[in-house]
Each structure stands twice: as C-alpha cells, then as structure tokens.
Amino acid sequence: MAATAYAETATLYGTSVPKLWNHASRRSWFGDAVLLIFLLTQCLDGVFTYVGVVSFGLSIEANPLIAALMTHVGHGMALMTAKGVAALLGIGLHLRQVHAAVALLALFYVVIAVIPWIAILIS
C-alpha cells in the first residue's frame, strides 16, 4: 500500500498543477470571422501606411509611436513589428474567446485606419 502513495502526483509534488486552458466545446464562426476581418484590417493598414509614408513622407503617419519607430528602424521593419504584435494580440484574444473585443478592434481599424488611408491614397 505504501508503494502506491509514491505514484500519486499530489503526494510526490504537493499539489497538482491547475488547468488553465479550456478547449471550446463548439467552434465559434463569429469568432473566426471577426479574427479574419481583424487580421485583414491589420494587413491593409500596414500596406496603406507604407504606401502613404513612401509617397507623402513620414509626417503623414498620425500615430507618433509608429512614426518614431519608423525613424529608428525603418518604415518596413517598424510596420512589420507593429502589425505583427497587433496580430498576435488579436489571436490571443481570439484564443481566449474574447470575440466581441476582436470585433470592436476590427471595426475600429476599419473606421480609423483603413477608410482614411483609402481616402488619402485615392485622392
């Protein structure tokens, strides 16, 4: 009987590790759709920002953090870094099933970034 006590994880290491990851019981089509839209808006914003900055100069960039990053590491590297981080954070929200936040962020980027860039670049 004493030999079985050594095989128990709680006996050997104190307590068991809590389970932090819960798999979704059903796939969320809404979540998948808003993640796709969010990632597409990130790509479009990155491409439009690059074209805008190359065409009109760095002063066209409205975000001072991105403009400063562009000054230090270059246009392409700054945008790839910023958009990569944003995409990873959006994917993290999706994996944690916070789909409403991803949807609001996608809408925000469409209204605040993509549509204004299209208006600037077409005119």
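Just so it is clear, none of the values below were taken in a lab; they were calculated from the coordinates. Note that this is a predicted model, so its numbers are computed, not measured. Reconstructed Cβ throughout: ideal geometry from the backbone, glycine too, with neighbour counts over all protein chains shown.
Along each of its three principal axes, how wide is the spread of alpha-carbon positions in region 66-123, in whole angstrom units, largest first?
Rounded to whole Å, the extents work out to 35, 29, 13 Å.
Taking N as the number of residues in region 35-88, what value does Rg over Cα atoms divided by 2.2 N^0.38 Å take?
Numbers: Rg = 10.7 Å, N = 54, 2.2 N^0.38 = 10.0 Å.
Normalised Rg, Cα atoms only: 1.07.
Note down the nm distance, to one decimal, between modelled labels 7 Å out along Cα→Cβ at I120 and at L107.
Rounded to a tenth, the inter-label distance reads 2.4 nm.
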